[in-house]
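Reading through the structure tokens given below for one structure.
Laboratory data are not the source of any read-out in this text; all were calculated from the coordinates shown. These numbers were taken from a predicted model, which means no experiment stands behind them. With ideal geometry, Cβ positions are generated from the backbone for all residues, glycine too; neighbour counts draw on all protein chains shown.
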Amino acid sequence: MKWIALTPLLYSSLCLADLTPLNEHQLQRVDGQAGITLSGRMEFEQGTRFSYQNEDAEYIDNTAYWLVMNEVTGGIGFSDMKLDLIDGIGPNGDKTALQITLPEELEFEQLQTEGFYLGDNREVNQMSDPRFLFAVELDGKLQAPAQTKVNIFPVN
């Protein structure tokens, strides 16, 4: 029984690792991994609301409209979404971009909303005339093509 306990120690003593500094020429040839990989799950309790207002919009009637996703419940899970900074993007190839590699699969667990509304307030029950746009009910998996990437870069 003692030999079984000592076996991992014997194998680890046979493994050696050595870190050595790289000179400038060697360092330029190294292709490393960068960026951030995210996995997560979001769960929404009864009464969750998302409100969005485009403060830069110029509406004809000078009303500041809100888009409200009201009464959100359920959950969304994802894995392996990647964020990275890349160079050589844009019409002239001179921009740096935030590259988002979307997850190959989103998993919805009874995600639903009472509805999406457009109106003059950030809460549906306080809008003078809430306009119902649509509602959502999702349960299951949504798959995207592998390696779907979105590049966000500044323009003039």
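What share of all Cα pairs of the stretch 34-152, in percent, falls into each consecutive 5 Å distance bin?
2, 10, 14, 13, 14, 16, 14, 11, 5, 1
With the cut-off at 1.5 for a/c, could you classify the stretch 88-150 from its C-alpha gyration tensor as rounded, prolate or oblate?
It is oblate, given that a/c is not under 1.5 and a/b is not larger than b/c.
Could the peptides 78-85, 38-45 be put in order, highest first, of the mean number of other beta-carbon atoms found within 10 Å of their residues?
Going from most to least packed, we get 78-85, 38-45.
Report the Cα centroid-to-centroid distance between the stretch 31-84 and the stretch 108-151 in angstrom, as an integer.
If you average the Cα positions of each part, the centres end up 10 Å apart.
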